[in-house]
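Any read-out appearing in this document is the output of simple, stated calculations on the displayed coordinates, not a laboratory observation. Keep in mind that this is a model prediction, so the values were computed, not measured. A quick note on method: Cβ atoms are made from the backbone with ideal geometry, for glycine too, and the neighbour counts reach across all protein chains shown.
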Amino acid sequence: MSPTLTIALLQLRAFDLADHDQAWAELLRRIDDAAAETPRLIVAPEGSYPATILGSRDAYSAAPLRGDAEVLATLGDRARRHACYLAVGLVLHDAFGAPQNAAVLIAPGGAVIARATESTPASWFVEGQGPVTALVDDTRIALFAGADALAPSRVATAVEDGARVLVSTGAATTWGRELDRLPEPEAHLRLAARAVESGTWAVTPSKVGVEAASRVYGGRAGVVSPGGIWVVRAPGDRPGIALHTLDLEAASGPSVIALAGTPIAAPESVRLAVLAVAPTPSVVDLMEGLRAVVRSASAQGARLLVLPDLAGAETRAITSTESLPLLEALSAETRTILAVALAERGNGETFKTAYLIDRGTTAAWHRQSVLRAEERAAGFTEGAAPPPVVVTSVGGIGLLCGAEGLVPSLADGLVERGASLLAWCAGDLGVAVEPLARTRAIEVHRTVIAAGVVGTNGGGSIIDARGAILATTVDGHAMAAIADRRLGRR
């Protein structure tokens, strides 16, 4: 039987600092409610007591609050009573009495066994030291306070220390006119990306409602699988509990290794297209479908079309020898720029290679520098060079191939070298591509075009620099999605 860990995530009502007594009573009541489901770990969000927004340190100091010792002793008693671990987001104090956005892990015996403090907190907190890892029974978890779990480098460090579950106490905020119809919090998109990049489970509690007449919480406490799928979520508009049993064998760690200018001018506006393709071992069938879709998109004004990784994990499938001349001819016919990844053989080795074809001429090619385990097992070899930036008539295109899109530092490097947009020939990665593409766009402030295959985890999306979806293919359909984008804007 696979090892498991059952987690209960609390979704609490937001309280202002002045209502700290209500917040304390609500936290204890919800812990008791969750314990009835017999989880091994209960997680509560940041600022569960007394609040998240302190306003000013003077206002905070004047509030008649419980001391750290009392708060931790009471929570320790709850852990003993319910024979479970507690991870709770709290305002605690450093050695000089200054408030920190903290998260503590309390063992079933009642002792605090780990304490994380947010490294880049709001102005009313003092800076903390970041996340920590600790054991929950035999499972190493990473405990994050506030927004620290959204930082790729902090997650990578925790995973290197052996963490297989990311426990983020950050309560995600959002916006909207109707509290029962709030958009997906940006933080949740980024957390899903961190789960995929690190090959771990990620869990987050949450809050609902408005705090200090200025912060709107998005609810939706939940669990993200190592594949980037939300497997359980609380509602977005009311308190609740999200319960899930994690299959720890599914958290195998990162499938790729994280690798450690002046922007190139782009035109004011360009029409972009992303293609979702149904996998096929037949070059004839593939090209027949591609011709129809590329011709249709170009007739609608698309100048740059991003295709997926067509090689997948099969070294003998769609190769550059057969396909590249046909794609060059199609690019010349339609006067378009095509980005595509194919299998390339040479000198006894096989690479997954991305090509940028500009109106009939291969302007650049790049051998994928990061491979998943399945691709190595199939016989592919990693390329030695990092992804390139290619100067074109639509600006500097940063070219990502397959699993390279799973590595945040590679996208950062493309932007540093002048990329105006990122063209990601993603293909079938076995994980949800869209939340990763949206996270990349948000974090590097660039348009991202991510092309996958037809299927649940694939499809294609065009994402603007703020993470908004400009266009997306329809699930189950081989097609192109088209959007206009002012590339000069971030």
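For G199, nonlocal amide neighbours, meaning residues 5 or more places apart or on other chains whose placed amide H falls under 5 Å from its own, are S255. Recomputing percent of Cα pairs over 39 Å apart from the coordinates shown identifies the correct label among [x] 20; [y] 16; [z] 29 as [z]. Ranking A364, G383, T350 by how far each Cα lies toward the positive end of the dipole of the stretch 344-446 (charges on Cβ) leaves A364 at the top.
Taking each DSSP H run with n ≥ 4 as -39500 (n - 2.57) and averaging over every residue of the chain yields -7500 deg cm²/dmol at 222 nm.
Using the Cβ atoms and a cut-off under 13 Å, what net charge is assigned to the surroundings of A35, where Lys and Arg are +1 and Asp and Glu are -1?
On the way: positive: R29, R30, R40, R78, R80, R81; negative: D32, D33, E37, D77.
Net local charge, A35 excluded: +2.
Taking a sphere under 14 Å around the Cβ of A213 and counting the other residues whose Cβ falls inside, with K and R at +1 and D and E at -1, yields a net charge of -2.
Taking Cβ atoms as reference points and 10 Å as the exclusive limit, the residues near S198 contribute a net charge of 0, counting Lys and Arg as +1 and Asp and Glu as -1.
Here's the picture: charge each Lys and Arg Cβ at +1 and each Asp and Glu Cβ at -1 in the chain, and of I241, I449, G47 the one pushed furthest to the positive end of that dipole is I449. A simple spin-label model places the labels of A122 and H93 2.0 nm from each other, with each point 7 Å out along Cα-to-Cβ. Can you give me the relative contact order of the stretch 81-235 as a percent, contacts being Cα pairs under 8 Å and 6 or more apart? Answer for the stretch 81-235 is 14 percent.
Computed extension length for A62-Q22: 12.6 nm, one decimal, from 0.36 nm per residue of separation with the Cα-Cα distance subtracted.
Just subtract the alpha-carbon distance of W175 and A73 from 0.36 nm times their residue separation and send over the number in nm, one decimal.
Working: separation 102, 0.36 × 102 = 36.72 nm, distance 3.61 nm.
Roughly 33.1 nm would be gained on extension.
Using the Cβ-Cβ distance between S2 and R376 with R0 = 25 Å, the FRET efficiency computed as 1/(1 + (r/R0)^6) comes to roughly 0.50. Restricting attention to the stretch 401-473, close to 55% of DSSP beta bridges with both partner residues there are antiparallel. What distance in nm separates the simple spin-label points at S214 and S393, each placed 7 Å from Cα in the Cβ direction? So the two model labels end up 5.0 nm from each other.
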